[in-house]
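A.B. asks: Quick one: the structure is below, and I'll ask about it shortly.
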Amino acid sequence: MSEAATPPPTLESDPEAYAPALSGFYQRAGGIVTPLITAVFAFLMGGLVVAVTGHNPIDVYKAIFNGAGLNWFFHFGSYHIDVPFTNHHVWFWWDTDTNKTAAFNITQTLITTAPLILTGLAVAFAFRCGLFNIGGQGQYLVGAIVSVYVGSRFVEMAHIPHVLLAIVLAAFAGACWAAIAGFLKATVGAHEVITTIMLNWIAYWAGSYLFGRGGPLQNHVQVAVPISDDVVPGARLAAIWGNPALQALHSGIFIAISALIAFYIILNRTTLGYQVRAVGFNPEAARYGGISVGRNFVIAMAISGVFAGLAGAIDILGWQFRLGVLDVQVSNIGFIGIAVALLGRNTAVGVGLAALLFGSLFNGVSSRSIDASIFPATLAGNLALTIQALILLFIGADLLIVYVWQARKKLKLRPAQETE
Amino acid sequence: MSTFYYAAVERWPRQTWVGRVGVALGLCAFLVTLPPFRVNAPWVPVLIGLLAFAAGIAAVSRGQTRPGWTAIGFGIVGIALGLLATRASSSNLDQVVVWGALLSSTLQWATPLTFAAIGGLFCERSGVTNIGLEGMMLAGAFFGVLGADSTGTWWGGLVIAAIAGGAFAAVHAVMAIHLRADQIVSGTAINFLAVGVTGYFFISHYGDRGSPGSLPRIPDVNIGFLGNVFGSLSLMIWLSFLLVILAHFTIFRTPIGLRLRSVGEHPRAADTVGISVYGIRYAAVILSGILAALGGAYLSVVFVGSFNENMTNGRGFIALAAVIFGNWRPFGAFAAALLFGASTALSFRLAQSWGNASVLFQALPYVLVLIAVAGVIARPTPPASAGRPYVKQ
């Protein structure tokens, strides 16, 4: 890959030399093929690690696949499904009985997928404005903290208003937390990567303080346990599939899907989205065109924060119902959102699919899902993190894919790189 | 994406009032313990004094030498006098022992930060952003334990940690320099990769036995006349002091340092005069990985004596914070590492008396950096092309 031998044509010196190849490459391949190659490559390398440490990669990936419940889709039969709000059943070709392992696993995968969609959108939306929101984790935590507070207080409220209040306040908190970074970027030019990293860790320690022993939001009954009060039943999201006692799929998945649609509409069908994208493409040109760049930085970050805060809210109100110091410290839903957004190329459909991939991966390796006789869950969890890191690594270097893609043509390209 | 990195940061007018605020805070640290305020809790003057210290670092590393050093001095004296005053009121002589221990604990917490921060400094000075410091530290922590355990010698652990950290950094370097990947994405990937890889190999290697118990310890350096705090510190702590001096000398007093800085400030100009931009950047990134890994190895092999999953727990990001807070200068970063080490040490020290709220001290570095980059005190000025890939013509 050394460029020293023959200097490659650059954009300035010879734009025609590679422009057709480049645009052709991206039209043909960039949208779908690059993420696919990246993911396949990452899984192959993960398989290599598995093989080196003395396990059979095919068995392991099969165990993860089944642990994620994806085998559920391949078992057809004659079953029934309840029609909502009625006592009727209709015929259905999949067995929705969550007492069966595969169906249960798929509900769990969807539970993991829903917040990943939202944290992925949190990263993707800011990206479209040219901002790298690495603070999804902090915004997620702030949303979770606020929703667990609201959900465990205001006991006398009715169900719907209580849930709405918790969700709205969590989204607002996430928005405020993210907007700090947007505001600092807009006013003093502080780089959002640095500010959001700092905000992540501030949220982390704030959560550790709030729910730690003797902390202000720590459980009032079990004073020795560093965990919050439970969310009261009246503030929990409705279960839509499965047995609520065994962690059913909750209606938060609808919030996530609505967010995907909202993301698409805001970006592609509104003035705000147009401005956000204009700033993302070229802030100077946008400024020249009369768009307030700073205002869009703040708004884009705030909307990102809304998505991440919602993710925290649906996790708390949907299945966790409480938040402990340990939950705050080991959670990485917000960080995985970065990989979701990048693999999904910052588009609504892409984020949805990437979230499903990562949701399956991370649920498939959880200790509850994976068959421990094939592969221990502790190893599998780290394998999943490694695969995710490799995806992130390769997706960040699309030039690598270009090198591989164009290897035979001996073309050295330089895509997506504005010259200073 | 990364072309935006720092792009919007302008040079900020130098502010002299930061130092003055620091001086005032240093005074306050002592004053609050006197009538009419009569604060008895020792952490109050310590916190105020540390803030004075922070303001002092901020001022000094941005060129405001005189007010800055005055603020640092006032901060230290304020802490000392404030503590004396609170101790006089509680007449508890045990406090001396406690605060001596706090000082040595501060040095112990600051050492991994110093190593990683100096590493990050080299990397960023060469124009490559490194938010993968956390991952490189974690790699050093695990492979240090693995190396010390399998070779049976402490230096074996350090060597293997350095190799592992260098390898992780090399991945980042290839991604950031040759493949021109987004350096933030690549750094984030390195962080995850380190968590996954170290966790995986830790469990697959030590799974049944747990983390190795009796590792060979890095020897302490006993210098009797320096008293019981400085008299017996780990070799690594002394090395970290040496490293800071060496880094300062290298960066600001040698041709290599000049090349490093020119590559970070204006790579095209450096390339024009025949400096190998890629070569310098590769060397700097890999050096940063080696140093961060040594910091991680100190944490696991010396300080904790074992490894557990994800044990660095954000220290790489604190090191990054120290680089920024110290304004990309070795002594600034070192002072910031000391300050942040003190905040960690305090959070553990105060846990008994102050309860759970002492964990908030752990957030102090992040809050300070947020304030610093907001330009409220004194804005850091990063290397001009940090985060921007360079394309050879």
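A.B. asks: Please determine whether any residue of the stretch A:173-185 is buried (at least 24 other Cβ atoms within 10 Å of the Cβ), more than 14 Å from every other protein chain (Cβ to nearest Cβ), over 17 Å from residue A:296 (Cβ atoms) and within 24 Å of the chain's Cα centre (by Cα).
C.D. replies: yes
A.B. asks: Cβ-Cβ under 6 Å, sequence separation 6+ or interchain: first residue in the stretch A:362-386 and touching a residue at least 40 places away in the same chain (Cβ under 8 Å) and away from chain B (no Cβ under 14 Å), partner in a helix (DSSP H, G or I) and among the β-branched types (Val, Ile, Thr). Which pairs?
C.D. replies: A:363/A:109; A:363/A:112; A:364/A:64
A.B. asks: Filter the stretch A:261-297 down to the residues that are of a type in the set (A, V, I, L, M) and surrounded by fewer than 22 Cβ atoms within 10 Å (Cβ to Cβ) and list them by number.
C.D. replies: A:261, A:262, A:265, A:266, A:272, A:278, A:285, A:291, A:293
A.B. asks: Then there's this: Is there a residue being assigned to a loop (DSSP other than H, G, I, E, B), touching an Asp or Glu at 6+ places or on another chain (Cβ under 8 Å) and surrounded by 21 or more Cβ atoms within 10 Å (Cβ to Cβ) anywhere in the stretch B:323-338?
C.D. replies: Initially, the stretch B:323-338 is screened for residues assigned to a loop (DSSP other than H, G, I, E, B), giving B:326-329.
Now narrow it down to the ones that are touching an Asp or Glu at 6+ places or on another chain (Cβ under 8 Å): B:328.
Restricting the remaining residues to those that are surrounded by 21 or more Cβ atoms within 10 Å (Cβ to Cβ) gives B:328.
Yes, that holds for at least one residue.
A.B. asks: Residue B:355 passes all but one of (1) under 29 Å from residue B:101 (Cα atoms); (2) surrounded by 23 or more Cβ atoms within 10 Å (Cβ to Cβ); which number fails?
C.D. replies: (2)
A.B. asks: Checking residue B:246 against (1) more than 18 Å from the chain's Cα centre (by Cα); (2) free of Cβ contacts under 8 Å to residues at least 12 places away in the same chain, only one condition comes out false. Which one?
C.D. replies: Among (1) more than 18 Å from the chain's Cα centre (by Cα); (2) free of Cβ contacts under 8 Å to residues at least 12 places away in the same chain, residue B:246 violates only (1).
A.B. asks: Give just the number: which of (1) more than 14 Å from chain B (Cβ to nearest Cβ); (2) in a loop (DSSP other than H, G, I, E, B); (3) not charged (D, E, K, R) does residue A:216 not satisfy?
C.D. replies: With respect to (1) more than 14 Å from chain B (Cβ to nearest Cβ); (2) in a loop (DSSP other than H, G, I, E, B); (3) not charged (D, E, K, R), residue A:216 is out only on (1).
A.B. asks: If you don't mind, there's one more thing I want to ask. Can you tell which of A:249, A:237, A:169 is over 24 Å from residue A:354 (Cα atoms), more than 9 Å from every other protein chain (Cβ to nearest Cβ), under 22 Å from the mean Cα position of the chain (by Cα) and in contact (Cβ under 8 Å) with a residue 40 or more places away in the chain?
C.D. replies: Exactly one of A:249, A:237, A:169 is over 24 Å from residue A:354 (Cα atoms), more than 9 Å from every other protein chain (Cβ to nearest Cβ), under 22 Å from the mean Cα position of the chain (by Cα) and in contact (Cβ under 8 Å) with a residue 40 or more places away in the chain, namely A:237.
A.B. asks: Let me ask something else about it. Taking interchain pairs and intrachain pairs at least six residues apart, which have beta carbon atoms under 7 angstrom, with the first residue in the stretch A:331-354 and farther than 14 Å from residue A:32 by Cα and within 12 Å of another protein chain (Cβ to nearest Cβ) and the second part of a loop (DSSP other than H, G, I, E, B) and not basic (Lys, Arg)?
C.D. replies: Final answer for the pair search is A:338/A:134.
A.B. asks: A further question on this structure: Taking the options B:369, B:304, name whichever one is within 14 Å of chain A (Cβ to nearest Cβ) and either free of Cβ contacts under 8 Å to residues at least 24 places away in the same chain or crowded, with 24+ Cβ neighbours inside 10 Å (or both).
C.D. replies: Only one candidate qualifies: B:369.
A.B. asks: Could you tell me which numbered condition residue B:203 fails, if it satisfies all but one of (1) modelled with pLDDT under 75; (2) more than 26 Å from the chain's Cα centre (by Cα); (3) surrounded by 15 or more Cβ atoms within 10 Å (Cβ to Cβ)?
C.D. replies: Every listed condition holds for residue B:203 apart from (1).
A.B. asks: In the stretch B:220-271, how many are assigned to a loop (DSSP other than H, G, I, E, B), modelled with pLDDT of 90 or more and either farther than 20 Å from residue B:287 by Cβ or touching a strand residue (DSSP E or B) at 6+ places or on another chain (Cβ under 9 Å) (or both)?
C.D. replies: Keep residues of the stretch B:220-271 that are assigned to a loop (DSSP other than H, G, I, E, B), which gives B:223, B:231, B:254, B:266.
With the extra rule that they be modelled with pLDDT of 90 or more, the set shrinks to B:254, B:266.
From what's left, either farther than 20 Å from residue B:287 by Cβ or touching a strand residue (DSSP E or B) at 6+ places or on another chain (Cβ under 9 Å) (or both): B:266.
Summing the residues that are assigned to a loop (DSSP other than H, G, I, E, B), modelled with pLDDT of 90 or more and either farther than 20 Å from residue B:287 by Cβ or touching a strand residue (DSSP E or B) at 6+ places or on another chain (Cβ under 9 Å) (or both) in the stretch B:220-271 gives 1.
A.B. asks: Filter the stretch A:206-220 down to the residues that are within 13 Å of residue A:139 (Cα to Cα) and surrounded by fewer than 23 Cβ atoms within 10 Å (Cβ to Cβ) and list them by number. So that I can check it myself, show each step before the final result.
C.D. replies: Taking the stretch A:206-220 and keeping what is within 13 Å of residue A:139 (Cα to Cα), we get A:206-207.
Once the filter is applied, which keeps residues that are within 13 Å of residue A:139 (Cα to Cα) and surrounded by fewer than 23 Cβ atoms within 10 Å (Cβ to Cβ), the stretch A:206-220 yields only A:206.
A.B. asks: Report yes if residue B:360 is among the aliphatic types (A, V, I, L, M), within 26 Å of residue B:21 (Cα to Cα) and within 13 Å of another protein chain (Cβ to nearest Cβ), otherwise no. Talk me through it step by step, then tell me what you get.
C.D. replies: Values: among the aliphatic types (A, V, I, L, M): yes; within 26 Å of residue B:21 (Cα to Cα): yes; within 13 Å of another protein chain (Cβ to nearest Cβ): yes.
Answer is yes for this residue.
The values are calculated or read from the model by the stated rules, or taken from the named source; none is laboratory data. Please read these numbers as outputs of a predicted model, since none were measured by experiment. Positions of Cβ are backbone-derived with ideal geometry, glycine not excepted, and every protein chain shown enters the neighbour counts.
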